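Asker: If you scroll down you'll find the structure; I have some questions about it.
Bear in mind these aren't lab numbers, they're just calculated from the coordinates by the rules spelled out. Owing to the predicted nature of the structure, the values given are computational and were not obtained by experimental measurement. Ideal geometry is used to build each Cβ from the backbone, glycine not excepted, and the neighbour counts take in all protein chains shown.
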Amino acid sequence: MGRFFASPSSPPEIQRDDQGPQGLVIGARVMKQKEAKTLIVQEWERWLQTQSIERDHASGRDTLKFYFELQDNKSTLLDFQSRGRDKWHIINSWLLREQPCVLD
């Protein structure tokens, strides 16, 4: 059973803190970048396998396609603190650092 939180935007009743895909919390809080990075890199590894792309041959175009698919699917993986920075740039830099070599 989830924990319960009241939020300023919710009515006085209690708002449930449900677990979403990959164990993410939905509706109660926004993930910190460190949490999101770990989960996004794991999802990237899974995504690469579905695309028949070798990890060391992925390109910047591939990372962009991955990001757009997360957006299109309204993935909770994108619910992290960006501190005003563009989330695509943050994620792209994570994926580039995790790759032995990402080609453009």
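Asker: Averaging sequence separations of C-alpha pairs under 8 Å and six or more residues apart, then dividing by the length of segment 29-98, give the relative contact order as a whole percent. Walk me through the numbers on the way to the answer.
Answerer: On the way: 40 pairs, mean separation 35.2, N = 70.
The normalised contact order for segment 29-98 reaches 50 percent.
Asker: Spin-label point model (7 Å from Cα, Cβ direction): what's the Ser82 to Phe68 distance in nm?
Answerer: Result: 1.7 nm between the two label points.
Asker: Rounded to the nearest 0.05, what FRET efficiency do His89 and Arg46 give with R0 = 22 Å and r taken as the Cβ-Cβ distance? Could you check?
Answerer: According to the calculation, E is roughly 0.50.
Asker: Rounded, prolate or oblate: which fits segment 29-98, taking a ≥ b ≥ c as square roots of the Cα gyration tensor eigenvalues, rounded meaning a/c under 1.5, else prolate when a/b beats b/c?
Answerer: On the way: a/c = 1.79, a/b = 1.64, b/c = 1.09.
Prolate is the answer for segment 29-98, as a/c is 1.5 or above and a/b outweighs b/c.
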